[in-house]
Structures are given as structure tokens and as C-alpha cells.
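Q: Let me begin by handing over the structure; questions about it come next.
The values are calculated or read from the model by the stated rules, or taken from the named source; none is laboratory data. Source: prediction; values computed, not measured. Every residue, glycine as well, gets a Cβ built from its backbone with ideal geometry; the counts of neighbours run over all protein chains shown.
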Amino acid sequence: MNKIIFIERVKALAFMLIASSVFTFFIPTANAQENIAQQTSSELSKEVQQLKSQVLQLNRELFILEEDLLFPASTQIAIFVSVDIGRFFKLDSVEVKINEQDIAGFLYTDRQRIALEQGGIQKLYLGNIKLGTHQLTAIFTGLDNEGRSIKRAVTHTFEKEDDSLMIELKLVDNTSNYRTQVVVEEWVL
């Protein structure tokens, strides 16, 4: 019997030695795998951030390219609206035509009108137009200082050349006759 007990004890001891060596072997491997996973995660995070910044940069470049393709300088026209003081004319809406075709219109809220009266400028239209001579018509609707509905209009002939053209439509108070007039200014860039 002692032989059987001795053999069983030897088997148990051998099993414990094998188990402890296996356990010791797998613990460093698990720690190493965890370290590798953390390093890999950190590296992946850095790579993802780099990819994000590259995507944002490409998006900016695509936006600029799209603007250049959609509105090349040789055909680009931009129309802006501004108000000098606004004492004699309370702006309600504007309608703009080029060559008798409607291109833009806008209905103003009180906040937008006040912003214009405080020196703001609104980009009303950005588009393309052929080279050559064109006629712009702008009709402003609003109220005079006594609350009556009035319209102010202007017709302006301009020449579109190879450069970008910007046109500002200004509502300017004229203190000599207590009326507002529309003044057109052209900017070529």
C-alpha cells in the first residue's frame, strides 16, 4: 500500500510542478499580451487621430477646390446689401434681377434689419455670369419714417470681365430730401 500512496504522491507532486510551471509560463505571457495590447491601442489611437486630421485637411482642400470649380473667378459675381443709417427707410425685403431674370430675394426680420443698420453687410448672392455687359435691377421694399409702404429701385449696367466681380447695393439716407437712395458700388478682385 505504501507503494501506491508513494506513487500517488509522486503523481500529485508532478502534477503540481507541471501546473505551477504552466501557470508561471502563462502569467508573463498574459502580462506581455496586455502590454502589447496597450501599446497597440495607443498606437492605433495616434494613427486614428492622424487620419482624422488628414481627413479634415482633405475636406478643407476639397471645399476650396469645389468653390473654385463652381464659382471660377472668370465668371464669379457676388452681390452684397448694406444700409447706411436707416432713418428714412425701414428695410423689409429686396429683389434682385440680372438681365431681367430673378437671381435673389430676401425678406428681412427686425434683427437682420437692425444688424444692417448697425454696419453689417449681407452676402445676398454668389453665382456665375458670362463675360460681357449685363444689367442689374434691385428693388427694395420697406416703410418710410411715417410708416408708409414704399419702394426704392436702382438699375445698374456693368461689364463682367475675367476677374471676380462684387457689387454692393447700399441704402443711403439723403438728408437734403429726407429720402433713401440706392447706391451701387463695384469691387473687382
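Q: Is there a residue in the stretch 128-143 that is at pLDDT 95 or above, over 22 Å from residue 178 (Cβ atoms) and of a type outside the set (S, T, N, Q)?
A: For the stretch 128-143, residues at pLDDT 95 or above, over 22 Å from residue 178 (Cβ atoms) and of a type outside the set (S, T, N, Q): present.
Q: If you don't mind, another one. Under 9 Å by Cβ, and 6 or more places apart or on different chains, what pairs join a residue from the stretch 55-72 that is touching a residue at least 24 places away in the same chain (Cβ under 8 Å) with one that is β-branched (Val, Ile, Thr)?
A: If the second residue must be β-branched (Val, Ile, Thr), the pairs left are 71/77.
Q: Output the number of residues of the stretch 68-77 satisfying the condition of being polar (S, T, N, Q) and outside any loop (DSSP other than H, G, I, E, B).
A: 1
Q: Within the group 126, 107, 165, 143, which residue is without any contact (Cβ under 8 Å) to a residue 60 or more places away in the chain and over 25 Å from residue 87 (Cβ atoms)?
A: Matching residue, one of 126, 107, 165, 143: 126.
Q: From 123, 90, which residue is over 24 Å from the mean Cα position of the chain (by Cα), assigned by TED's automatic domain parsing to the domain that holds residue 179, of a type outside the set (Val, Ile, Thr) and not in a loop (DSSP other than H, G, I, E, B)?
A: 90
Q: Just to verify a result, which residue in the stretch 153-179, among those that are at pLDDT 90 or above and among the basic types (Lys, Arg), is nearest to residue 140 (Cα to Cα)?
A: Across the stretch 153-179, the extreme among qualifying residues is 170.
Q: Among the listed residues 11, 46, 3, 52, identify the single one that is surrounded by 10 or more Cβ atoms within 10 Å (Cβ to Cβ), outside the structural domain of residue 115 (by TED's automatic domain parsing), at pLDDT below 65 and of a type in the set (D, E, K, R).
A: Sole residue among the options that is surrounded by 10 or more Cβ atoms within 10 Å (Cβ to Cβ), outside the structural domain of residue 115 (by TED's automatic domain parsing), at pLDDT below 65 and of a type in the set (D, E, K, R): 11.
Q: In the stretch 78-87, how many residues are part of a strand (DSSP E or B) and either of a type in the set (Phe, Trp, Tyr) or crowded, with 18+ Cβ neighbours inside 10 Å (or both)?
A: 4
Q: Oh, and also: Quick test of your reading of the structure: residue 65 fulfils all but one of (1) in a helix (DSSP H, G or I); (2) of a type in the set (A, V, I, L, M); (3) modelled with pLDDT of 90 or more. Name the failing condition by number.
A: (3)
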